[in-house]
């Protein structure tokens with residue numbers, strides 16, 4: 001069963017490493033709240049397989065002045081698409 | 001009642017916040033309702049398992065007592081992420097209750113096959 | 001799709017509660033069902049009817065109350081989390097010989113069984129912290 005992982009804290013606490021240990025091929029990762037700081041340089045996401053789609057919540061990027069700074073791999077999504085993503089994947093695992 | 005496999009991931013150290021207790025309480029409730037419950041210690045959550053804790057010294061309840069109730073409620077095995085132990089220089093001998101240590105692939109499979117993962 | 005939400009952060013101290021609220025609104029606007037919103041730990045403070053905020057800020061408990069009522073969505077504050085934080089309905093207030101009631105009208109106080117039930121009955125449980 002596929003999972004959408006949401007990450008809501010900044011890179012400082014290294015949570016992405018724990019998350020990646022559970023990420024399977026085909027899973028997606030959505031950065032929300034302070035998690036969106038993962039999406040701008042220095043890029044911390046090079047170790048994430050190309051099998052895993054990466055998303056970030058547009059509202060949180062906008063709020064933090066990051067929308068124009070994010071890596072090309074990240075797809076910005078609004079709340080409507082956030083809801084759809086939780087349906088596209090079989091379950092949601094939140095990391096905070 | 002319908003049965004689902006619920007995996008609870010506990011990732012916080014025991015006394016600095018109430019998160020550890022929240023995860024235990026939720027897992028116990030799931031066990032009471034006869035769900036298939038997995039309980040995984042990860043990251044700082046493995047500190048809950050360290051022996052010789054005496055939380056009375058900080059007017060708190062020692063977490064080990066609550067962890068022992070997991071088995072009483074039918075959560076047969078406490079699961080531990082091996083990487084989290086290694087990162088903290090801990091091994092099975094340092095732990096207060098018997099656990100099953102899972103390697104990276106086993107942890108990944110556990111998450112993949114669970115219907116619901118609650119990760120507080 | 002049938003969703004339940006697990007909210008475990010306070011509106012006064014972190015963004016997670018607002019994210020949960022915005023997600024809930026988006027889900028309902030797409031025609032999805034929200035089976036239950038479960039407030040746990042500091043999340044019970046989302047159901048604090050006595051919360052007052054400066055005029056230029058959103059009163060999230062009030063916003064939840066309106067949203068949950070308008071869409072007839074069940075919400076539950078975990079009893080042990082609620083009592084320790086002073087979130088009481090009239091029954092609990094009387095039982096503990098308190099003078100005030102602080103729980104939103106749209107929310108009930110109940111046990112963790114309601115979280116387990118939500119996990120079983122819903123197709124997706126989304127956790128916000």
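Nothing in this text is a laboratory measurement; each read-out follows from the coordinates by a stated rule. A quick note: this is a predicted structure, and the numbers were derived from the prediction, not measured. Here the Cβ positions follow ideal geometry from the backbone for every residue, glycine too, while neighbour counts run over all protein chains shown.
When the helix-only estimate is applied to chain A (DSSP H runs of n ≥ 4, each -39,500 (n - 2.57), divided by the residue count), what is the mean residue ellipticity at 222 nm, nearest 500 deg cm²/dmol?
Helix-only estimate at 222 nm: -6500 deg cm²/dmol.
Ignore the peptide's own chain and count Cβ atoms of other chains within 10 Å of each Cβ in A:85-94; give me the average, rounded.
6
How do A:18, C:119 line up, fewest other C-beta atoms within 10 Å first? Present the calculation step by step, with values, prior to reporting the outcome.
Details: A:18 21, C:119 24.
So the residues, fewest neighbours to most, are A:18, C:119.
Quick check on the protein assembly as shown: what does the Kirkwood estimate of hydrodynamic radius come out to from the alpha carbon pairs, in Å?
One over the average 1/r among Cα pairs gives 20.7 Å for the protein assembly as shown.
I'd like to compare C:23-33, C:8-18: which one has the highest average count of other Cβ atoms within 10 Å, and what's the full order after that?
Final packing ranking: C:8-18, C:23-33.
When you look at the Cβ of every residue in C:109-118, what mean number of other chain Cβ atoms sits within 10 Å?
Average neighbour count from other chains, rounded to a whole number: 4.
Compare the peptides B:1-14, B:90-103 by average per-residue count of other Cβ atoms within 10 angstrom and give them in order, highest first.
Values: B:1-14: 19.9, B:90-103: 14.3.
Descending packing order for the listed peptides: B:1-14, B:90-103.
Which whole-number percent gives the relative contact order of the range A:1-56, counting Cα pairs below 8 Å spaced six or more residues apart?
For the range A:1-56, the relative contact order is 40 percent.
Antiparallel versus total DSSP beta bridges in chain B: what percent is that, nearest 5?
The antiparallel proportion sits near 5 percent.
Can you give me the convex hull volume of the Cα atoms of chain A, divided per residue and expressed in Å³?
Given the Cα convex hull of chain A, per-residue volume reads 83 Å³.
May I ask what percent, to the nearest 5, of DSSP beta bridges between residues of the protein assembly as shown are antiparallel?
Here the antiparallel bridges make up roughly 5 percent for the protein assembly as shown.
Any idea what angle helix C:60-70 forms with the longest principal axis of chain C, computed on alpha-carbon atoms, 0 to 90 degrees, nearest 10?
Its long axis makes an angle of about 60 degrees.
Across peptide B:22-31, what mean number of C-beta atoms from other chains lies inside 10 Å of a residue's C-beta?
Working: counts 9, 1, 0, 8, 10, 2, 2, 9, 6, 1.
Per-residue shielding by partner chains comes out at 5.
Within a 10 angstrom radius of the beta carbon, how do A:60, C:65 rank from fewest other beta carbons to most?
Lowest to highest Cβ neighbour count: C:65, A:60.
Restricting to Cα pairs below 8 Å that are 6+ residues apart, what does the relative contact order work out to for the range B:5-119? Please round to a whole percent. Numbers along the way, then the final one.
On the way: 182 pairs, mean separation 38.4, N = 115.
Dividing the mean separation by the residue count of the range B:5-119 yields 33 percent.
Enter the angle in degrees (range 0 to 90, nearest 10) between the Cα long axis of helix C:16-29 and the first principal axis of the Cα atoms of chain C, meaning the one along which they spread out most.
Once rounded, the angle reads 50 degrees.
Taking 7 Å along the Cα-to-C-beta vector as the label spot, tell me the residue B:3-residue B:50 distance in nanometres, rounded to one decimal.
3.7
Could you give me the radius of gyration and the Dmax of chain B, taking only the C-alpha atoms into account and expressing both in angstrom?
13.7, 43
Return the single residue from B:84, B:17, B:59 with maximal mean-square fluctuation; model: Gaussian network over chain B, springs between Cα atoms under 10 Å.
Per the Cα network of chain B with a 10 Å cutoff, B:59 tops the list.
Calculate for chain B the 222 nm mean residue ellipticity that helices alone would give, adding -39,500 (n - 2.57) per DSSP H run of length 4 or more and normalising by residue count, nearest 500 deg cm²/dmol.
It lands at -10000 deg cm²/dmol.
How big is the antiparallel share of DSSP beta bridges in the range C:2-128, given as a percent to the nearest 5?
Close to 5 percent.
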